[in-house]
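**Q** Dropping the structure in here first, questions after.
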Amino acid sequence: MDRSTQLALLVLTLFALVPLSLLPHSAKAQPEPGSVHLGVRGGLTQSTFDVDQGSANSVSGFTGGLQVEYGINEALSVQLGFLYAERGADDITVQGGANTSDAFDLESDQISATYLDFPVLFKLTAPINAVEVSVMAGPSINFVSDATLNGSSRQQALQSNAPVTNRMLLYDFAGVVGGEVAVPVPRLANVEVALDGRYSYGFKNIEQTQGFDFRNQGFNGSLIVRVEL
């Protein structure tokens, strides 16, 4: 799937949320209008780089953080998040950057980066009583907090004498789509547990020094414990 197709899919998903949320619902679904939920989440990431004129394999990492969800009506809610996420790629092979004075070769190298993510997602929940099934989509702005090459510290000089963090754009703007299944916790009022899966794609080229084109992409899955405030 090329970048234009991915962008079109994200945009169409976002536009689909609004008309679907206006349809009548025969069953009560959470979140209720005006409700506020606080969630704690933790899980795993599987990420890689979309590399122009090169290749890269995926790496696993951890993600976790907090989210606040506000119910607009019985079907539509907006979710704000503050997340820690580990991303990167392994076995990266790229040769000859556009900036030839700084060009260097990546041959089966690994770049790891940690991000602080701030997603704003619109969430559509199906009208089912026993279980909540939801889809979500929206943008996320993500900030680099650390980066390494082959496990070395972020100050490790590369062949181009540019630290990894200086090479990488300090922020990324991504599109996120995903789904969730949630169930209430027996005997605990206003508490539910959910499983969440998301795919994200970064629209910014995070490589800033060598003339390469690296874009973050990957999946993450999380377990969420959520309580109504």
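Nothing in this text is a laboratory measurement; each read-out follows from the coordinates by a stated rule. Here the structure is a predicted model, which means the values were calculated and not measured. Cβ coordinates were reconstructed from backbone atoms using ideal geometry, including for glycine residues, and neighbour counts include every protein chain displayed.
**Q** Contour minus end-to-end for F173 and L195, with contour as 0.36 nm per residue of separation and end-to-end as the Cα-Cα distance? Don't skip to the end; give the middle numbers.
**A** Details: separation 22, 0.36 × 22 = 7.92 nm, distance 2.45 nm.
In short, 5.5 nm is gained.
**Q** Let me ask something additional. Using 7 Å Cα-to-Cβ label points, what is the N57/V181 separation (nm, one decimal)?
**A** With each label point 7 Å from Cα toward Cβ, the separation is 3.1 nm.
**Q** Using a 7 Å offset from the Cα along the Cα-to-Cβ direction at both V36 and S108, what is the distance between the two label points in nm, to one decimal?
**A** Each label point lies 7 Å from its Cα, and together they span 5.4 nm.
**Q** Fewest to most neighbouring Cβ within 10 Å: what's the order for F214, F173?
**A** Lowest to highest Cβ neighbour count: F173, F214.
**Q** Across all directions of projection, what mean area in square nanometres is found for the Cα convex hull of the range 36-84?
**A** So the mean shadow area of the Cα hull is 5.0 nm².
**Q** Calculate the FRET efficiency for T93 and F143 from the Cβ-Cβ distance with a Förster distance of 30 Å, rounded to the nearest 0.05.
**A** 0.65
**Q** Right, something else. For Q208 and L229, calculate 0.36 nm times their separation in residues minus their Cα-Cα distance, and state this gained length in nm to one decimal.
**A** Stretched fully, the Q208-L229 segment lengthens by 3.3 nm.
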